[in-house]
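Scroll down for the structure; my scribbles are underneath it.
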Amino acid sequence: MDRKKLLEEGFLEKYLLDELTDKERQYVAEALASDPGLRKSYDELEADFERMAFENAITPSPQVKERLFSSLESTQTRTISRTWLWAAASLAALFLLSSFWMYRQWKVSERGFEQLQEQTTVLQDRLNALEENYLLTNQRLKTINGPQTIPLILHGNDLVPNARAVAYVNHDNKMVVVNAQGLPQLPEDKTYQMWSDVEGEMINMGLLKTDEELITLTYIEQAESLNITIEPAGGNDHPTVEKLIAYVTL
Amino acid sequence: MPHNNEDISTIQRIRQKDKKALQLLYDKYAPALYGVIIRMCGNKEQAEDLLQETFVKIWQKIEAYDPNKGKFYTWAYRIAKNLTLNTIRKKEILIQNEDLSVYKEKEDTEPQLDVAALNGAVSKLEPHHQEAISLVYFKGYTHREANEQMGVPLGTFKSYIRQALQLLRESYTKDFILIGILINLF
(Lines give C-alpha, C1' and ligand atoms only; values in the text may rest on other atoms or scores of the structure.)
Protein backbone atom coordinates (compact mmCIF):
# COMPACT_ATOMS: atom_id res chain seq x y z
CA MET A 1 0.00 0.00 0.00
CA ASP A 2 1.51 3.36 -0.98
CA ARG A 3 1.14 6.73 0.65
CA LYS A 4 -1.60 7.83 -1.79
CA LYS A 5 -3.73 4.82 -0.97
CA LEU A 6 -3.16 5.22 2.77
CA LEU A 7 -4.43 8.80 2.51
CA GLU A 8 -7.33 8.05 0.13
CA GLU A 9 -8.60 5.07 2.09
CA GLY A 10 -8.64 7.15 5.24
CA PHE A 11 -6.11 4.96 7.07
CA LEU A 12 -4.61 7.93 8.90
CA GLU A 13 -8.03 8.96 10.25
CA LYS A 14 -8.80 5.37 11.22
CA TYR A 15 -5.37 5.10 12.87
CA LEU A 16 -6.05 8.24 14.87
CA LEU A 17 -9.56 7.08 15.80
CA ASP A 18 -8.26 3.63 16.80
CA GLU A 19 -10.42 1.82 14.25
CA LEU A 20 -7.71 -0.37 12.69
CA THR A 21 -6.93 -4.01 13.28
CA ASP A 22 -3.62 -4.80 15.02
CA LYS A 23 -1.99 -5.70 11.72
CA GLU A 24 -3.17 -2.52 9.99
CA ARG A 25 -2.15 -0.42 12.98
CA GLN A 26 1.31 -1.90 12.91
CA TYR A 27 1.55 -1.23 9.17
CA VAL A 28 0.52 2.44 9.51
CA ALA A 29 2.87 2.95 12.47
CA GLU A 30 5.79 1.63 10.41
CA ALA A 31 4.79 3.78 7.40
CA LEU A 32 4.64 6.87 9.65
CA ALA A 33 8.06 6.11 11.12
CA SER A 34 9.68 5.73 7.69
CA ASP A 35 7.85 8.40 5.62
CA PRO A 36 8.33 11.99 6.89
CA GLY A 37 5.74 13.34 4.38
CA LEU A 38 3.12 10.95 5.67
CA ARG A 39 4.10 11.77 9.23
CA LYS A 40 3.59 15.47 8.46
CA SER A 41 0.07 14.76 7.16
CA TYR A 42 -0.67 12.75 10.30
CA ASP A 43 0.68 15.51 12.57
CA GLU A 44 -1.62 18.01 10.82
CA LEU A 45 -4.55 15.65 11.16
CA GLU A 46 -3.87 15.18 14.87
CA ALA A 47 -3.55 18.95 15.33
CA ASP A 48 -6.85 19.58 13.47
CA PHE A 49 -8.72 16.94 15.43
CA GLU A 50 -7.33 18.30 18.68
CA ARG A 51 -8.23 21.87 17.79
CA MET A 52 -11.73 20.74 16.84
CA ALA A 53 -12.03 18.99 20.21
CA PHE A 54 -10.92 22.12 22.03
CA GLU A 55 -13.42 24.21 20.07
CA ASN A 56 -16.11 21.77 21.22
CA ALA A 57 -14.89 21.45 24.79
CA ILE A 58 -17.45 21.40 27.60
CA THR A 59 -16.33 22.21 31.13
CA PRO A 60 -17.22 19.37 33.51
CA SER A 61 -18.46 20.14 37.02
CA PRO A 62 -15.67 20.78 39.55
CA GLN A 63 -16.81 17.75 41.59
CA VAL A 64 -15.34 15.45 38.92
CA LYS A 65 -11.85 16.74 39.60
CA GLU A 66 -12.39 16.45 43.36
CA ARG A 67 -13.69 12.91 43.02
CA LEU A 68 -10.82 12.00 40.69
CA PHE A 69 -8.10 13.13 43.08
CA SER A 70 -9.75 11.65 46.15
CA SER A 71 -10.05 8.35 44.26
CA LEU A 72 -6.33 8.56 43.44
CA GLU A 73 -5.62 9.07 47.14
CA SER A 74 -7.49 5.87 47.94
CA THR A 75 -5.60 4.19 45.09
CA GLN A 76 -2.42 5.31 46.79
CA THR A 77 -3.75 3.89 50.04
CA ARG A 78 -4.28 0.69 48.16
CA THR A 79 -0.73 1.02 46.91
CA ILE A 80 0.45 1.28 50.51
CA SER A 81 -1.70 -1.75 51.30
CA ARG A 82 0.02 -3.46 48.44
CA THR A 83 3.34 -2.60 50.09
CA TRP A 84 2.07 -4.33 53.20
CA LEU A 85 0.93 -7.15 51.01
CA TRP A 86 4.47 -7.43 49.64
CA ALA A 87 5.81 -7.39 53.18
CA ALA A 88 3.35 -10.11 54.13
CA ALA A 89 4.30 -12.10 51.04
CA SER A 90 7.99 -11.71 51.94
CA LEU A 91 7.30 -12.86 55.47
CA ALA A 92 5.34 -15.81 54.13
CA ALA A 93 8.26 -16.67 51.84
CA LEU A 94 10.65 -16.33 54.78
CA PHE A 95 8.40 -18.55 56.87
CA LEU A 96 8.31 -21.09 54.05
CA LEU A 97 12.11 -21.05 53.78
CA SER A 98 12.61 -21.32 57.53
CA SER A 99 10.03 -24.13 57.68
CA PHE A 100 11.91 -25.92 54.94
CA TRP A 101 15.20 -25.37 56.83
CA MET A 102 13.65 -26.63 60.06
CA TYR A 103 12.21 -29.63 58.26
CA ARG A 104 15.68 -30.44 56.93
CA GLN A 105 17.20 -29.96 60.37
CA TRP A 106 14.54 -32.24 61.79
CA LYS A 107 15.36 -34.86 59.16
CA VAL A 108 19.09 -34.55 59.96
CA SER A 109 18.32 -34.88 63.69
CA GLU A 110 16.09 -37.85 62.96
CA ARG A 111 18.92 -39.54 61.05
CA GLY A 112 21.31 -38.76 63.92
CA PHE A 113 18.80 -40.19 66.38
CA GLU A 114 18.44 -43.36 64.31
CA GLN A 115 22.25 -43.72 64.21
CA LEU A 116 22.38 -43.22 67.97
CA GLN A 117 19.71 -45.88 68.41
CA GLU A 118 21.71 -48.27 66.25
CA GLN A 119 24.87 -47.53 68.23
CA THR A 120 22.96 -48.02 71.47
CA THR A 121 21.74 -51.42 70.26
CA VAL A 122 25.31 -52.40 69.32
CA LEU A 123 26.58 -51.20 72.68
CA GLN A 124 23.79 -53.07 74.45
CA ASP A 125 24.75 -56.27 72.58
CA ARG A 126 28.39 -55.76 73.49
CA LEU A 127 27.43 -55.13 77.10
CA ASN A 128 25.35 -58.31 77.14
CA ALA A 129 28.25 -60.25 75.64
CA LEU A 130 30.64 -58.72 78.15
CA GLU A 131 28.29 -59.49 81.00
CA GLU A 132 27.95 -63.05 79.84
CA ASN A 133 31.69 -63.29 79.49
CA TYR A 134 32.17 -61.78 82.92
CA LEU A 135 29.73 -64.23 84.52
CA LEU A 136 31.51 -67.14 82.86
CA THR A 137 34.92 -65.84 83.87
CA ASN A 138 33.72 -65.17 87.38
CA GLN A 139 32.24 -68.63 87.62
CA ARG A 140 35.50 -70.14 86.41
CA LEU A 141 37.49 -67.97 88.81
CA LYS A 142 35.31 -69.15 91.66
CA THR A 143 35.85 -72.68 90.51
CA ILE A 144 39.59 -72.22 90.31
CA ASN A 145 39.90 -70.29 93.55
CA GLY A 146 37.47 -72.42 95.54
CA PRO A 147 38.91 -74.10 98.65
CA GLN A 148 37.96 -77.52 97.31
CA THR A 149 39.77 -76.97 94.03
CA ILE A 150 43.13 -78.67 93.53
CA PRO A 151 45.43 -77.03 90.99
CA LEU A 152 47.71 -79.50 89.26
CA ILE A 153 50.60 -78.65 86.94
CA LEU A 154 51.43 -80.97 84.06
CA HIS A 155 55.06 -80.57 82.89
CA GLY A 156 56.12 -81.68 79.43
CA ASN A 157 58.45 -84.69 79.18
CA ASP A 158 61.36 -85.04 76.76
CA LEU A 159 59.02 -84.93 73.74
CA VAL A 160 58.02 -81.35 74.60
CA PRO A 161 60.34 -80.21 77.39
CA ASN A 162 58.95 -76.68 77.80
CA ALA A 163 55.28 -77.67 77.72
CA ARG A 164 53.15 -76.78 80.70
CA ALA A 165 49.43 -77.12 81.44
CA VAL A 166 47.43 -76.44 84.60
CA ALA A 167 44.43 -78.54 85.59
CA TYR A 168 41.96 -77.49 88.29
CA VAL A 169 40.10 -80.44 89.77
CA ASN A 170 37.16 -80.09 92.11
CA HIS A 171 35.97 -83.40 93.47
CA ASP A 172 33.00 -81.85 95.28
CA ASN A 173 31.21 -80.57 92.21
CA LYS A 174 32.96 -83.04 89.91
CA MET A 175 34.58 -80.60 87.61
CA VAL A 176 37.86 -80.38 85.71
CA VAL A 177 39.05 -77.17 84.08
CA VAL A 178 42.36 -76.98 82.18
CA ASN A 179 44.48 -74.09 80.98
CA ALA A 180 46.44 -75.46 78.01
CA GLN A 181 47.94 -72.23 76.78
CA GLY A 182 51.36 -73.33 77.99
CA LEU A 183 51.45 -76.21 75.46
CA PRO A 184 53.28 -75.56 72.18
CA GLN A 185 51.22 -75.09 69.01
CA LEU A 186 50.58 -78.26 67.00
CA PRO A 187 50.23 -78.72 63.25
CA GLU A 188 46.62 -78.63 62.00
CA ASP A 189 46.38 -82.42 61.71
CA LYS A 190 47.26 -82.91 65.40
CA THR A 191 45.58 -82.18 68.71
CA TYR A 192 46.23 -82.57 72.44
CA GLN A 193 43.88 -84.92 74.24
CA MET A 194 43.53 -85.58 77.98
CA TRP A 195 42.87 -88.90 79.59
CA SER A 196 42.13 -90.17 83.10
CA ASP A 197 43.82 -93.34 84.31
CA VAL A 198 41.30 -95.45 86.21
CA GLU A 199 42.71 -98.72 87.35
CA GLY A 200 45.05 -98.99 84.37
CA GLU A 201 42.46 -97.94 81.82
CA MET A 202 42.79 -94.60 80.01
CA ILE A 203 39.41 -92.85 79.75
CA ASN A 204 38.91 -89.94 77.39
CA MET A 205 38.33 -86.56 79.07
CA GLY A 206 38.29 -84.33 75.97
CA LEU A 207 40.45 -82.30 73.59
CA LEU A 208 42.73 -79.49 74.70
CA LYS A 209 42.76 -76.35 72.60
CA THR A 210 45.82 -74.20 73.10
CA ASP A 211 44.04 -70.98 72.07
CA GLU A 212 41.50 -71.03 74.92
CA GLU A 213 42.28 -69.88 78.41
CA LEU A 214 40.18 -72.42 80.32
CA ILE A 215 38.68 -75.63 78.92
CA THR A 216 36.11 -77.61 80.84
CA LEU A 217 36.67 -81.34 80.50
CA THR A 218 34.76 -84.42 81.58
CA TYR A 219 35.30 -85.32 85.23
CA ILE A 220 36.10 -88.98 85.68
CA GLU A 221 35.43 -90.68 89.02
CA GLN A 222 38.31 -92.39 90.75
CA ALA A 223 40.90 -91.12 88.32
CA GLU A 224 44.42 -91.78 89.52
CA SER A 225 46.26 -89.54 87.12
CA LEU A 226 45.70 -87.05 84.33
CA ASN A 227 47.56 -87.61 81.02
CA ILE A 228 48.06 -85.57 77.89
CA THR A 229 48.82 -87.20 74.52
CA ILE A 230 49.21 -85.92 70.99
CA GLU A 231 46.54 -87.41 68.76
CA PRO A 232 45.32 -87.01 65.20
CA ALA A 233 43.02 -83.99 64.73
CA GLY A 234 39.54 -84.70 66.04
CA GLY A 235 40.84 -86.91 68.83
CA ASN A 236 41.29 -90.65 69.35
CA ASP A 237 39.36 -93.47 71.02
CA HIS A 238 42.48 -94.82 72.62
CA PRO A 239 45.55 -92.91 73.68
CA THR A 240 48.73 -93.14 71.62
CA VAL A 241 51.02 -93.83 74.55
CA GLU A 242 54.14 -93.13 72.51
CA LYS A 243 52.91 -89.59 72.26
CA LEU A 244 52.27 -89.07 75.98
CA ILE A 245 53.81 -85.69 76.67
CA ALA A 246 52.76 -84.96 80.26
CA TYR A 247 51.00 -86.42 83.25
CA VAL A 248 50.26 -85.71 86.87
CA THR A 249 49.17 -87.99 89.65
CA LEU A 250 46.06 -87.10 91.62
CA MET B 1 -3.11 22.76 20.39
CA PRO B 2 0.49 22.23 19.48
CA HIS B 3 2.40 19.31 20.91
CA ASN B 4 4.81 21.17 23.15
CA ASN B 5 7.65 20.62 25.57
CA GLU B 6 5.42 21.71 28.44
CA ASP B 7 3.28 18.61 27.92
CA ILE B 8 6.34 16.39 27.73
CA SER B 9 7.70 17.66 31.03
CA THR B 10 4.24 17.40 32.67
CA ILE B 11 3.92 13.80 31.45
CA GLN B 12 7.41 13.07 32.77
CA ARG B 13 6.31 14.31 36.19
CA ILE B 14 3.16 12.17 36.06
CA ARG B 15 5.37 9.17 35.39
CA GLN B 16 7.06 10.00 38.69
CA LYS B 17 3.58 9.97 40.28
CA ASP B 18 3.35 13.75 40.70
CA LYS B 19 -0.37 14.46 41.23
CA LYS B 20 0.08 18.22 40.70
CA ALA B 21 1.26 17.45 37.17
CA LEU B 22 -1.89 15.38 36.62
CA GLN B 23 -3.92 18.38 37.78
CA LEU B 24 -2.24 20.53 35.12
CA LEU B 25 -3.02 17.95 32.47
CA TYR B 26 -6.59 17.63 33.74
CA ASP B 27 -7.16 21.39 33.63
CA LYS B 28 -5.86 21.51 30.07
CA TYR B 29 -7.49 18.45 28.52
CA ALA B 30 -10.52 17.47 30.65
CA PRO B 31 -12.99 19.87 28.92
CA ALA B 32 -12.01 18.67 25.41
CA LEU B 33 -12.31 15.02 26.48
CA TYR B 34 -15.54 15.68 28.35
CA GLY B 35 -16.96 17.31 25.18
CA VAL B 36 -16.32 14.06 23.33
CA ILE B 37 -17.52 11.72 26.12
CA ILE B 38 -20.80 13.52 26.78
CA ARG B 39 -21.63 13.66 23.06
CA MET B 40 -21.02 9.92 22.83
CA CYS B 41 -23.06 8.82 25.85
CA GLY B 42 -25.55 11.71 26.12
CA ASN B 43 -25.77 11.43 29.91
CA LYS B 44 -24.12 14.02 32.18
CA GLU B 45 -23.70 11.79 35.23
CA GLN B 46 -22.32 8.90 33.21
CA ALA B 47 -20.05 11.23 31.23
CA GLU B 48 -18.59 12.61 34.45
CA ASP B 49 -17.90 9.10 35.74
CA LEU B 50 -16.27 8.20 32.44
CA LEU B 51 -14.13 11.35 32.47
CA GLN B 52 -12.94 10.44 35.96
CA GLU B 53 -12.27 6.89 34.84
CA THR B 54 -10.34 8.20 31.81
CA PHE B 55 -7.98 10.21 34.01
CA VAL B 56 -7.51 7.32 36.45
CA LYS B 57 -6.46 5.24 33.46
CA ILE B 58 -4.15 8.00 32.20
CA TRP B 59 -2.56 8.07 35.68
CA GLN B 60 -2.13 4.30 35.77
CA LYS B 61 -1.08 3.73 32.14
CA ILE B 62 1.06 6.79 31.48
CA GLU B 63 4.11 4.57 30.93
CA ALA B 64 2.41 3.23 27.81
CA TYR B 65 2.22 6.65 26.16
CA ASP B 66 4.97 7.23 23.59
CA PRO B 67 5.29 10.92 22.54
CA ASN B 68 7.12 9.87 19.37
CA LYS B 69 4.02 8.11 18.10
CA GLY B 70 1.62 11.00 18.46
CA LYS B 71 0.11 13.71 20.59
CA PHE B 72 -0.94 13.13 24.17
CA TYR B 73 -4.45 14.30 23.39
CA THR B 74 -4.89 11.61 20.70
CA TRP B 75 -3.79 8.94 23.18
CA ALA B 76 -6.14 10.26 25.87
CA TYR B 77 -8.98 10.56 23.31
CA ARG B 78 -8.61 6.87 22.44
CA ILE B 79 -8.81 5.91 26.14
CA ALA B 80 -11.91 8.04 26.64
CA LYS B 81 -13.56 6.74 23.47
CA ASN B 82 -12.91 3.07 24.27
CA LEU B 83 -14.12 3.41 27.87
CA THR B 84 -17.26 5.22 26.73
CA LEU B 85 -18.09 2.79 23.93
CA ASN B 86 -17.57 -0.20 26.23
CA THR B 87 -19.92 1.33 28.81
CA ILE B 88 -22.57 2.12 26.18
CA ARG B 89 -22.33 -1.43 24.78
CA LYS B 90 -22.70 -2.95 28.26
CA LYS B 91 -25.75 -0.75 28.82
CA GLU B 92 -27.24 -1.86 25.49
CA ILE B 93 -26.81 -5.52 26.48
CA LEU B 94 -28.44 -4.73 29.83
CA ILE B 95 -31.43 -3.15 28.08
CA GLN B 96 -31.81 -6.26 25.93
CA ASN B 97 -31.82 -8.49 29.01
CA GLU B 98 -34.10 -6.43 31.26
CA ASP B 99 -37.69 -5.33 31.27
CA LEU B 100 -37.76 -2.55 28.67
CA SER B 101 -40.69 -0.68 30.16
CA VAL B 102 -38.87 -0.22 33.48
CA TYR B 103 -35.74 0.97 31.75
CA LYS B 104 -37.64 3.34 29.48
CA GLU B 105 -39.28 4.91 32.51
CA LYS B 106 -35.87 5.47 34.05
CA GLU B 107 -34.53 6.97 30.85
CA ASP B 108 -37.44 9.40 30.74
CA THR B 109 -36.58 10.80 34.15
CA GLU B 110 -33.02 11.70 33.07
CA PRO B 111 -32.60 15.20 31.67
CA GLN B 112 -31.76 15.14 27.98
CA LEU B 113 -28.69 17.22 27.21
CA ASP B 114 -28.46 19.54 24.28
CA VAL B 115 -24.81 18.97 23.54
CA ALA B 116 -25.07 17.54 20.05
CA ALA B 117 -24.55 20.94 18.40
CA LEU B 118 -20.97 21.54 17.37
CA ASN B 119 -18.97 24.72 17.69
CA GLY B 120 -15.96 26.25 15.98
CA ALA B 121 -14.75 25.55 12.46
CA VAL B 122 -16.62 22.25 12.19
CA SER B 123 -19.95 24.04 12.79
CA LYS B 124 -19.34 26.14 9.69
CA LEU B 125 -19.06 23.09 7.44
CA GLU B 126 -21.95 21.91 5.26
CA PRO B 127 -24.41 19.69 7.17
CA HIS B 128 -23.30 16.41 5.56
CA HIS B 129 -19.62 17.17 6.28
CA GLN B 130 -20.50 18.17 9.79
CA GLU B 131 -22.51 14.98 10.36
CA ALA B 132 -19.75 12.76 8.97
CA ILE B 133 -17.18 14.29 11.34
CA SER B 134 -19.61 14.22 14.22
CA LEU B 135 -20.37 10.52 13.74
CA VAL B 136 -16.78 9.29 13.63
CA TYR B 137 -15.22 11.72 16.07
CA PHE B 138 -17.89 12.69 18.55
CA LYS B 139 -20.16 9.62 18.41
CA GLY B 140 -17.51 6.93 18.16
CA TYR B 141 -18.94 5.27 15.05
CA THR B 142 -16.62 3.33 12.76
CA HIS B 143 -16.49 4.47 9.13
CA ARG B 144 -18.63 1.48 8.19
CA GLU B 145 -21.27 2.13 10.87
CA ALA B 146 -21.30 5.86 10.09
CA ASN B 147 -21.90 5.45 6.36
CA GLU B 148 -24.86 3.16 7.13
CA GLN B 149 -26.15 5.72 9.61
CA MET B 150 -25.99 8.45 6.96
CA GLY B 151 -27.40 6.13 4.31
CA VAL B 152 -24.60 6.74 1.80
CA PRO B 153 -22.10 4.30 0.24
CA LEU B 154 -18.81 3.81 2.10
CA GLY B 155 -16.81 5.42 -0.73
CA THR B 156 -19.01 8.53 -0.63
CA PHE B 157 -18.68 8.65 3.16
CA LYS B 158 -14.90 8.48 2.93
CA SER B 159 -15.00 11.40 0.47
CA TYR B 160 -17.15 13.39 2.92
CA ILE B 161 -14.57 12.83 5.65
CA ARG B 162 -11.65 13.76 3.39
CA GLN B 163 -13.39 16.89 2.17
CA ALA B 164 -14.42 17.87 5.69
CA LEU B 165 -10.88 17.44 6.96
CA GLN B 166 -9.53 19.44 4.02
CA LEU B 167 -11.94 22.27 4.78
CA LEU B 168 -11.03 22.19 8.47
CA ARG B 169 -7.36 22.30 7.54
CA GLU B 170 -7.93 25.30 5.30
CA SER B 171 -9.95 27.04 7.96
CA TYR B 172 -7.30 26.51 10.63
CA THR B 173 -4.48 27.47 8.25
CA LYS B 174 -6.35 30.69 7.41
CA ASP B 175 -6.71 31.45 11.11
CA PHE B 176 -3.03 30.72 11.57
CA ILE B 177 -2.06 33.10 8.72
CA LEU B 178 -4.44 35.76 10.08
CA ILE B 179 -2.88 35.47 13.53
CA GLY B 180 0.56 35.76 11.87
CA ILE B 181 -0.47 38.93 10.02
CA LEU B 182 -1.96 40.47 13.17
CA ILE B 183 1.20 39.71 15.14
CA ASN B 184 3.28 41.36 12.39
CA LEU B 185 1.00 44.40 12.28
CA PHE B 186 1.22 45.08 15.98
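The values are calculated or read from the model by the stated rules, or taken from the named source; none is laboratory data. Keep in mind that this is a model prediction, so the values were computed, not measured. Quick reminder, even Gly has a Cβ in these numbers, built from the backbone with ideal geometry, and neighbours come from all protein chains shown.
Data table
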item: When residues of region B:2-31 are limited to those that are part of a loop (DSSP other than H, G, I, E, B) and exposed (fewer than 13 other Cβ atoms within 10 Å of the Cβ), the one modelled with the highest pLDDT; result: B:Gln16
item: Failed condition for A:Asp22, given (1) in contact with a Leu (Cβ under 6 Å, 6 or more places away or on another chain); (2) under 25 Å from B:Val36 (Cβ atoms); (3) among the charged types (D, E, K, R); result: (1)
item: Any pair with Cβ under 9 angstrom, 6 or more apart, that starts in region A:55-68 at a residue that is more than 7 Å from every other protein chain (Cβ to nearest Cβ) and ends at one that is crowded, with 17+ Cβ neighbours inside 10 Å; result: A:Gln63/B:Glu48
item: Residue check for A:Asp22: away from chain B (no Cβ under 12 Å) and either under 60 Å from the mean Cα position of the chain (by Cα) or farther than 26 Å from B:Ala80 by Cβ (or both); result: no
item: Subset of region B:52-82 that is small (Gly, Ala, Ser) and touching a Ser or Thr at 6+ places or on another chain (Cβ under 8 Å) - its residue that is surrounded by the most Cβ atoms within 10 Å (Cβ to Cβ); result: B:Ala80
